[in-house]
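The values are calculated or read from the model by the stated rules, or taken from the named source; none is laboratory data. Only a predicted model underlies this, so the values are computations on that prediction, with no experimental measurement involved. So basically every Cβ, Gly included, is an ideal-geometry build from the backbone, and we count neighbours across all protein chains shown. Ligands, DNA and RNA are stripped out before the accessible areas are found, and what is left, the full protein with its side chains, is counted by its heavy atoms. Shrake-Rupley method; radii C 1.70, N 1.55, O 1.52, S 1.80 Å.
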Amino acid sequence: MVPRSAFTLALLVAALGASSASAQQVTLKFSHFLGPKSFFQLDVVEPWAKELEARTNGQVKVETFDGTSPVGGVTDQASNVKAGRVDIALGLRGAEGDKFLGSSVVELPFLIPSAMRGSQALWALYRDGTLGEEYKEYKVLALFVHNPGLIHTREKKILEPADMKGVRFRSPNNTVSAALKHLGAEPVLLQVNDVMPAVKDGKIDGIVTNWGNPLRGFNDFMKLHIETQFYTSAFFIVMNRQKYDGLPADVRAAIDAISGETWVAKFGPYWDK
C-alpha cells in the first residue's frame, strides 16, 4: 500500500510536469541590417529581447542576427519575415523597393523636425488605418524615423540651392532622389554598406544623411555640412503574422505590451543618444 504522503507527492510532481510542458519554450529569430556593435543591436534589439524574456519568465528567447549574418541584407528584411526565414526584422523602408510606399510620405523634404515627432506621426498614420493596407501581411511592432538628414559634402560648399547643381549625392531612397533632382543635383541611390566605398572611389561628392549615421570614416571625408532638415528615412519592425498568431496568448500579450506606441516613443531618445 502506497503511503498517502507519497501518493500526494507523486500527484504534485505530475501536475508540475504537466504545467511545465504546457508553458512551451519559444525561440524568436530577430534580424536587422547593421553591425553587431551598432545601436540597432545594442540599444534597440537586445533590450527589447531581454524585456520580453523577463516578462515571459524565460519562456521566450530571442536569437538575434545582425547585418553580417546570412539574413542581414538591407534589402531583404521584410522578405525574410514574410518567407519565415526570421520571425522579426528591423528594416529600412527605402531599401525595400516598392514595399510600404505610403510610409514614404514622412521622407519628404523639410517635413519632419525630429525623430520623436516623425516616429509618432508615422505610427499615428498606421494606427488610424491610413497605412494599414501596406502592412496587412505582417504584425507591425514599430514604425520610426531617424533625426532629419543634412547635406554633407567633401569639398563643394553649398550655400544656396543653385550650388547643388551637378553635385553627385548619395541618396538613401527614391523620395530623396526626386528632391535632389529637383534642385539640379545628381542623386546616386546607394544602400548603407555601399556609401563609404563610393566616397573613397570618388564616385560621389556628398551625402545626405543624419548625424547619427553608421558610416565608418564619414568624418574623415565629409568636411562641409549644411544644418537643414532635408529629409528623414522611415524604418519598420515587423513580425511574421502566422508566427505571432500561433503563439500562446500570454506571449502575444507580452509582445504587445512592449511594442507599438510604447516602443515607438523610445526612438526619439535612441537617435538623440
Give me a count of the residues in region 46-72 that are over 13 Å from residue 30 (Cα atoms) and open to solvent by less than 50 Å² (accessible area, probe 1.4 Å). 3
Would you say residue 258 is under 13 Å from residue 87 (Cβ atoms) and either surrounded by fewer than 17 Cβ atoms within 10 Å (Cβ to Cβ) or under 20 Å from the mean Cα position of the chain (by Cα) (or both)? no
Residues that are under 19 Å from residue 270 (Cα atoms), in contact with an Asp or Glu (Cβ under 9 Å, 6 or more places away or on another chain) and among the aliphatic types (A, V, I, L, M): does region 48-62 have at least one? yes
Quickly run through region 122-137 and pick out the residues that are free of Cβ contacts under 8 Å to residues at least 60 places away in the same chain and over 17 Å from residue 92 (Cα atoms). 124, 125, 128, 129, 130, 132, 133, 136
Scanning region 75-92 residue by residue, those under 15 Å from residue 40 (Cα atoms) and either out of contact with any Asp or Glu (no Cβ under 9 Å at 6 or more places or on another chain) or of a type in the set (Lys, Arg) (or both) turn out to be 88, 90, 92
When you scan region 38-45, do you find a residue that is free of Cβ contacts under 8 Å to residues at least 24 places away in the same chain and open to solvent by less than 60 Å² (accessible area, probe 1.4 Å), even just one? no
Among the residues that make up region 73-85, is at least one of them of a type outside the set (A, V, I, L, M) and more than 26 Å from residue 189 (Cβ to Cβ)? yes
Filtered residue count, region 29-65, keeping only those that are hydrophobic (A, V, I, L, M, F, W, C) and farther than 30 Å from residue 216 by Cβ: 3
Evaluate the following for residue 84: is it closer than 27 Å to residue 29 by Cα, open to solvent by 10 Å² or more (accessible area, probe 1.4 Å) and free of Cβ contacts under 8 Å to residues at least 24 places away in the same chain? no
Scan region 238-247 and give yes if some residue there is part of a strand (DSSP E or B), of a type in the set (A, V, I, L, M, F, W, C), open to solvent by less than 20 Å² (accessible area, probe 1.4 Å) and closer than 30 Å to residue 49 by Cβ, otherwise no. yes
Criterion: on the phi < 0 side of the Ramachandran plot, modelled with pLDDT of 95 or more and open to solvent by 20 Å² or more (accessible area, probe 1.4 Å) - qualifying residue of 121, 89, 185, 115: 121
Criterion: over 22 Å from residue 223 (Cβ atoms) and touching a Ser or Thr at 6+ places or on another chain (Cβ under 7 Å) - qualifying residue of 83, 115, 95: 95
Given the criteria open to solvent by less than 30 Å² (accessible area, probe 1.4 Å) and not small (Gly, Ala, Ser), does residue 96 qualify? yes
Can you list residue pairs whose Cβ atoms sit under 7 Å apart, with the first residue in region 175-198 being of a type in the set (Ser, Thr, Tyr) and the second being in a helix (DSSP H, G or I) and open to solvent by less than 30 Å² (accessible area, probe 1.4 Å)? Count only pairs 6 or more apart in sequence or on different chains. 175/104; 175/107
Which of the residues belonging to region 195-233 are part of a helix (DSSP H, G or I) and either open to solvent by less than 80 Å² (accessible area, probe 1.4 Å) or not acidic (Asp, Glu) (or both)? 195, 196, 197, 198, 199, 200, 218, 219, 221
Of the numbered conditions (1) charged (D, E, K, R); (2) outside any loop (DSSP other than H, G, I, E, B); (3) more than 20 Å from residue 211 (Cα to Cα), residue 85 satisfies every one except a single condition; which is it? (2)
